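Contents: one structure, followed by commentary.
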Amino acid sequence: MARDPDEGAAYVFELVDDDVAGPGASPAPAGAVGPDGQEPPGHADGADGAGPPPPPGTPPLTWRRTAPFVALLAVALGTGLAVDGTRDAARMERMRDAAGGVSDLSAPLGESWSWSGKVDLGEGMTDVAVLGDDLVFESEGELVALDPASGEEAWTVELGDGPECGPTVSPVWDDPRTPSLVCLQERGRETEVVVVGPGGATSRPRLLPAADTARYGQPHTGPDGTVLRARRVGAEAPLDPDVRCDASGECVGQISQGRDLVLRAEDAVTGEERWTATVPFRPTDAALCTSTFGAAWGSSENRIHLSGQLAPDAYGARVRADLVNVEGCGVEAALTASGVPLGGRPEQGSSVVGRLDSGGFLGMTWDARVRTTLYDADGATVGDVAGYVISPKTTDGVGPATLLSIDELRRRLSAHDADGAARWDVALQSGGQEFLAQVGDVAVITTGAGSVRGLDLATGEERWLWDGSEPGTDADGGYFGTAYVVQAFTDGQVVLLLAEGNGSVARGMVALDAGTGEVVWEQAGGGPGTTLDPHDGDVVREGISGDLISVDGHLMEIGTLGVRGLG
């Protein structure tokens with residue numbers, strides 16, 4: 001049998017006598033019982049019918065004739081197929097929970113299933129959520145959940161009129177995983193809220209009292225099972241005389257006085273207050289106070305000035321599972337799901353706060369130079385880094401979290417731990433860096449110049465370079481000389497890059513070995529110019545035209561008229 005050796009040592013196998021089963025023996029029939037009273041391997045009920053792996057020293061009966069050869073080969077090579085298989089299985093299982101993780105990317109992808117139906121638009125082209133292990137989205141008055149393995153509808157929830165469910169995000173820019181969705185819908189002249197959790201579990205509908213709306217403001221879907229409300233407070237201030245707007249809606253001048261914003265989060269099920277926060281007004285450019293700026297969450301109809309071009313009370317919000325960004329005329333704030341404010345109070349429009357897939361948040365500010373402040377998941381400051389910080393689009397979940405910072409003034413690329421501690425610092429070769437993947441001991445990045453590089457995660461030294469050019473051609477960067485990487489995924493060994501460019505609808509895919517940069521497989525873009533057949537809703541059969549998302553280790557393509565599984 002196989003004995004688990006020390007790291008790097010050979011596996012030693014005890015050979016199995018072939019006469020136990022005899023030549024040409026086949027697996028025992030279902031229900032048969034061995035001499036120890038146990039059912040033989042390969043007949044336990046399992047999800048795939050294969051059952052659990054056999055105990056050490058008992059290979060499947062169909063392998064017994066080849067076991068001596070396999071064992072001797074394993075000893076000679078210093079490894080074992082069973083151990084490799086176990087490691088592969090462990091890796092695939094780990095990738096199910098990793099950001100951008102896919103179970104297997106070793107072979108070209110084909111369509112494994114398709115679901116035809118409308119995927120309602122959000123702020124992005126396809127805003128979705130992941131509840132439990134299901135892909136969830138709004139579709140023509142319903143909340144639909146798809147099983148990522150089969151494409152079957154796992155559950156649906158019927159919604160009322162004018163529904164809005166959140167937080168949903170574009171998988172291109174944000175992590176869509178959330179513990180629950182809050183859905184606001186119309187019931188006559190009133191607004192109703194329900195909370196939907198994994199498996200489609202839905203709370204009892206609650207009508208939002210009109211008195212609460214008058215007191216706290218209009219409702220908005222919030223994170224962590226909350227309803228957000230906000231309202232302006234304080235006396236209305238006159239506009240500064242230097243504010244001017246032209247016929248196109250472009251406004252110039254400064255608005256020096258305005259009203260604060262009070263933000264409230266209430267439990268969506270009970271209506272009880274979770275937290276409140278006040279966002280103070282700060283003098284701001286009139287261009288940030290137009291009726292077209294941000295979302296129309298809280299604009300006041302009686303405070304539209306200058307032919308509707310200025311809206312001094314307008315504000316909007318972007319909500320993720322663990323972060324709320326609010327901005328409007330003179331107000332800008334980022335808060336955690338529990339109401340902890342992030343960042344200082346720099347000039348409006350000169351900062352941005354985002355979340356990290358590894359946990360925590362980052363806040364970037366820029367004036368003479370860019371700096372990034374790092375926060376933990378509770379909103380406490382943990383570090384400060386020069387330059388702007390980028391985190392990987394995908395990771396294999398192995399090793400410590402890594403952040404890359406780009407200091408344009410110093411022309412340096414640096415690596416940092418999650419708390420900002422410096423790891424290495426190398427020359428910045430070009431601008432437009434993207435941190436595509438962290439796999440094993442390699443950081444995969446791409447640049448504005450079009451090349452993809454693998455850097456040693458410990459030292460920053462270049463391990464490999466790939467530019468997509470065909471040998472013997474004058475192409476500058478192949479895929480990436482005229483295209484850019486939209487999304488990246490990994491199975492822990494291979495990095496899949498989705499790129500678009502050249503004005504074509506279909507996007508190109510290339511799978512690179514994370515350790516060497518060698519092309520494992522590729523599919524060029526520029527395929528058919530249609531994403532879906534509007535007559536029958538069939539999902540496109542060639543090329544990638546929608547957004548990709550990985551759920552529970554399964555890769556899917558999402559379009560406005562359908563979803564398909566890729567495997």
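A compact table of results
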read-out	value
Strands (runs of 3 or more DSSP E) contained in segment 200-274 and holding at least 2 residues touching a residue at least 60 places away in the same chain (Cβ under 8 Å) and more than 30 Å from G132 (Cβ to Cβ)	226-233, 260-267
Positions within segment 391-420 being more than 25 Å from the chain's Cα centre (by Cα) and either closer than 14 Å to A458 by Cβ or of a type in the set (A, V, I, L, M) (or both), in sequence order	L409
Search result, residues across segment 408-447 that are in contact with a Lys or Arg (Cβ under 9 Å, 6 or more places away or on another chain), assigned to a loop (DSSP other than H, G, I, E, B) and either open to solvent by less than 10 Å² (accessible area, probe 1.4 Å) or within 17 Å of L498 (Cα to Cα) (or both)	T447
Tally of residues being farther than 19 Å from G110 by Cα and in a strand (DSSP E or B) across segment 132-154	12
Residue check, G397 open to solvent by less than 60 Å² (accessible area, probe 1.4 Å) and under 19 Å from V352 (Cβ atoms)	no
Qualifying residue in segment 363-380 (condition: in contact (Cβ under 8 Å) with a residue 24 or more places away in the chain, closer than 24 Å to W173 by Cβ, in contact with a helix residue (DSSP H, G or I) (Cβ under 9 Å, 6 or more places away or on another chain) and buried (at least 17 other Cβ atoms within 10 Å of the Cβ))	no
Long-range neighbours under 6 Å by Cβ, at least six apart or interchain, first residue touching a residue at least 24 places away in the same chain (Cβ under 8 Å) within segment 383-396, second part of a loop (DSSP other than H, G, I, E, B) and open to solvent by 30 Å² or more (accessible area, probe 1.4 Å)	G383/D419
Filter result for G253 (touching a Pro at 6+ places or on another chain (Cβ under 7 Å) and surrounded by 15 or more Cβ atoms within 10 Å (Cβ to Cβ))	no
Among the residues listed as D419, D396, the single one being within 18 Å of G101 (Cβ to Cβ) and touching an Asp or Glu at 6+ places or on another chain (Cβ under 9 Å)	D396
Enumeration of residues in segment 334-362 that are touching an Asp or Glu at 6+ places or on another chain (Cβ under 8 Å), assigned to a loop (DSSP other than H, G, I, E, B) and open to solvent by 30 Å² or more (accessible area, probe 1.4 Å)	S338, V340, P346, E347, G349, D357, G359
Residue list for segment 110-151, filter: of a type in the set (D, E) and either crowded, with 20+ Cβ neighbours inside 10 Å or farther than 16 Å from T178 by Cβ (or both)	E111, D120, D127, D134, E138, E140, E142, D147
Any hit, segment 450-465, residues being touching a helix residue (DSSP H, G or I) at 6+ places or on another chain (Cβ under 9 Å), part of a loop (DSSP other than H, G, I, E, B) and within 27 Å of L105 (Cβ to Cβ)	yes
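The values are calculated or read from the model by the stated rules, or taken from the named source; none is laboratory data. Worth saying up front: this structure is predicted, and the values here are computed from it rather than measured. Cβ coordinates were reconstructed from backbone atoms using ideal geometry, including for glycine residues, and neighbour counts include every protein chain displayed. Calculation scope for accessible area: heavy atoms of the full protein, side chains included, ligands and nucleic acids excluded. Shrake-Rupley method; radii C 1.70, N 1.55, O 1.52, S 1.80 Å.
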